[in-house]
Amino acid sequence: MKVLFPLIVFARRRWCGLGRVCLVLLLCGAGPLVSAGDLRGSAKEFDRYFRQLLKKQKIPGAAYVIVDGDQVVAMDTYGVKVQGKRGKVDLDTVFRLASVSKTFAASMATVLEHEKKFDWDDRVVRYVPELRFKTRSLSRQLQVEHLLSHSSGLTPNAYDDYLEANKPLSKILPKFADIDPRCAPGKCYGYQNVLFSLIEDVIFKATGVSYEQQLQERFFAPLKMANASVGWESFMAATNRAAPHIQTGKGWRPVKVRKEYYLAAPAAGVNASIADMAQWLKAQMGYYPKVLSPEVIDDMTTERVETKRHMRHRIWRDHLSHAGYGLGWRLYTLGDDRIIYHGGWVAGFRAAVAYSEKRKVGIVILMNAESRVIADLTANFVIDITGNGRLAQAIAAAKKSP
């Protein structure tokens, strides 16, 4: 086991696989990956920061996991599944992952592309012949790779309002015949949900197996992600699930689980617990090579398009030297490291996953409230593990703020 945190001994529940949770004593001391002087973002510090911010914002419930290499070094929960009720969030409580679902779709597609089921430069119209842009020649330029890298050239979030109105993709696709990309496919970045989800058609037509079945057989089962699923029906069938919450003038209020974006399953349709996400994070960092090979991970995290505007984000702007997008992952360069990251936000839920490519340290946070605090928690942790001492500053700032 690589050691992440200097001279800390603490007890934590950890995921042991096969639906079991164990209590382990974690001793972190010898041979730290990052020097003790540089690394202030210990698990104990993060836990304190996590609870401090969530309590201040009166967040109903949340969960986090910190992984170092192939080891879970901290995993815990906060609050309740439904505001005003007693049921507490636990390690197996299911949340919506929102756009973190894109990491699953891109991983599945990359595995299949490496198995030669299709090619990245295949034309999308080969699998989705009903897709047409206003200029027909541009339709033929759109490749499968462009779907997963948000490089179709279209204005960001094209026709997301139709998804939010619960319209199926079959009703949305004809709308693309009224517009053209603002640049040629592959030349510029524009975040998409509708087009991204067309990878489901590609996967089914290339393999004859549904996207949901592919995830279950190729990822959920071998990784022992016992609570993971796809779709609204599966989420509602889970007895241990978090309720979505929105903020009102009287605080956080639980709301009905909406079907919006579930109709675009590759973009936002996966459900999972924090115990599941511990496994997923380890797989993404390369510790389950039979599920995700080094070649697949390298392909996903190879930049396809630059995302300059993310350099200006209030949290990241003082630290990033480059920002881009691979396949289903954001790629942020910090000093001598890259942070592989994705966030999600949909109808009462937030989610975030990030890891250091060089240090093999990562974090996942799940939340049953539409709060921006998840961005601070995630960014301050990953900036800290790259040697900037950010958590100590963030905790101090949080104490001073009203």
Spatial extent of the range 293-371: Rg and Dmax, with the Cα atoms as the point set, Å: 13.1, 36
Can you give me the Kirkwood hydrodynamic radius for the range 142-189, using every pair of distinct Cα atoms, in Å to one decimal? 11.4 Å
Dividing the helical contributions, -39500 (n - 2.57) per DSSP H run of n ≥ 4, by the residues of the chain yields a 222 nm value, nearest 500 deg cm²/dmol, of -7500 deg cm²/dmol
Among the range 93-107, those whose backbone N falls under 19 Å of a label point 7 Å along Cα→Cβ from Lys259 are 96-98
Give me log10 I(q)/I(0) at q = 0.12, 0.13, 0.19, 0.20 Å⁻¹ for the range 98-231, Debye formula, one equal scatterer per alpha-carbon, no solvent. -0.46, -0.54, -1.12, -1.23
Kirkwood Rh, Cα Rg: Rg to Rh for the range 76-153? 1.24
Angle check, please: helix 101-114 long axis (alpha carbons) against the longest principal axis of the chain (alpha carbons), in degrees 0 to 90, nearest 10. 60 degrees
Average silhouette area of the chain, convex hull of alpha-carbon atoms, in square nanometres: 18.8 nm²
Contour excess over end-to-end distance, with Cα ends at Ile179 and Arg126 and 0.36 nm allotted per residue: 17.1 nm
Choose one of Ala267, Ser210, Thr301: the residue whose Cα lies farthest towards the positive end of the charge dipole of the chain (beta-carbon charges +1 Lys, Arg; -1 Asp, Glu; about the Cα centre). Ala267
Would you compute, for the Cα atoms of the range 168-285, the largest minus smallest coordinate along each principal axis and list the three values in descending order, in whole Å? 45, 44, 28
Fully extended contour minus Cα-Cα distance, from Asp318 to Ala221, at 0.36 nm per residue: 30.8 nm
Ordered by residue, what ³J(HN,Hα) values in Hz, to whole numbers, does the range 242-258 give under the Karplus form 6.51 cos²θ - 1.76 cosθ + 1.60, where θ = phi - 60° and Gly and Pro are x? 7, 8, x, 9, 10, 8, 10, x, 10, x, 6, 10, x, 10, 5, 6, 8
To the nearest 20 debye, what is the magnitude of the charge dipole of the chain about its Cα centre, counting +1 on the Cβ of each Lys and Arg and -1 on the Cβ of each Asp and Glu? 1540 debye
Highest mean packing first, using Cβ neighbours within 10 angstrom, the peptides 324-330, 156-162 sort as 324-330, 156-162
Net charge, Thr302 excluded, C-beta distance under 12 Å - Lys, Arg +1, Asp, Glu -1: -4
Crossing angle, helix 274-284 versus the chain [Cα axis fit, 0-90 degrees, rounded to tens]: 70 degrees
When the chain is modelled as a GNM with alpha-carbon springs shorter than 10 Å, which of Ser234, Ser137, Ser273 fluctuates the most? Ser137
Most to least packed among 287-298, 191-202 [average Cβ atoms within 10 Å]: 191-202, 287-298
Rounded to the nearest 0.05, what FRET efficiency do Glu115 and Lys358 have when you use their Cβ-Cβ distance and R0 = 30 Å? 0.55
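Bear in mind these aren't lab numbers, they're just calculated from the coordinates by the rules spelled out. Everything numeric in this text was worked out from a predicted model, so none of it was measured. As a convention, Cβ positions derive from the backbone with ideal geometry for all residues, glycine included, and neighbour counts pool all protein chains shown.
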